[in-house]
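*Asks:* Quick one: the structure is below, questions incoming.
The values are calculated or read from the model by the stated rules, or taken from the named source; none is laboratory data. These figures come from a predicted structure and were not determined experimentally. Side chains included, ligands, DNA and RNA excluded: accessible areas come from the protein's heavy atoms. Shrake-Rupley method; radii C 1.70, N 1.55, O 1.52, S 1.80 Å.
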Amino acid sequence: MRSRSGAEVRVSSITPATEDEKPKPRTSQAKKWAMHLAAARQYYEREGHLQVPRKHVERMVGEDGNGGSGEGQEVRELKLGAWIGNQRSRAATLTPERIEQLSKIGMRWA
């Protein structure tokens, strides 16, 4: 009978990660856009404008993918001021749909 090396013993004792141990799935670019757009809408409804200070962080509740069911609601802090500034500077490369979405909620491009 062959003796097992230390590496073989360690590998054979590895167990799969539990659901709690697994990392969260990455957020798609489309979902990130949708979350920031929702944050911009929330800010606009509250403040009446989108002149967001560069360092402003908007708190969003319920952006957990459960459709607002109330279960496991997550609070997200989105760097809305930086995002708005970035969208203004990238206006030439944004799709017409995204420009329209932002314009509808009061975005000033200049």
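*Asks:* Protein chains only, probe 1.4 Å: how do Trp109, Trp83 rank by accessible area, largest first?
*Replies:* Sorted descending by solvent-accessible area, the residues read Trp109, Trp83.
*Asks:* For Val75, Val52, what's the largest-to-smallest order of accessible area, 1.4 Å probe?
*Replies:* Val75, Val52
*Asks:* Could you sort His49, His36 by accessible area so the largest value comes first, with the probe set to 1.4 Å?
*Replies:* Ranking His49, His36 by accessible area, largest first, yields His49, His36.
*Asks:* If the cut-off is a Cα-Cα distance under 23 Å, which lysines reach Lys24, setting aside same-chain residues fewer than 8 apart in sequence?
*Replies:* Lys32, Lys79
*Asks:* Past 30 Å, Cα to Cα, is the threshold; run Lys22/Lys55; Lys31/Lys55; Lys22/Lys104 against it and keep the listed order.
*Replies:* Lys22/Lys55; Lys22/Lys104
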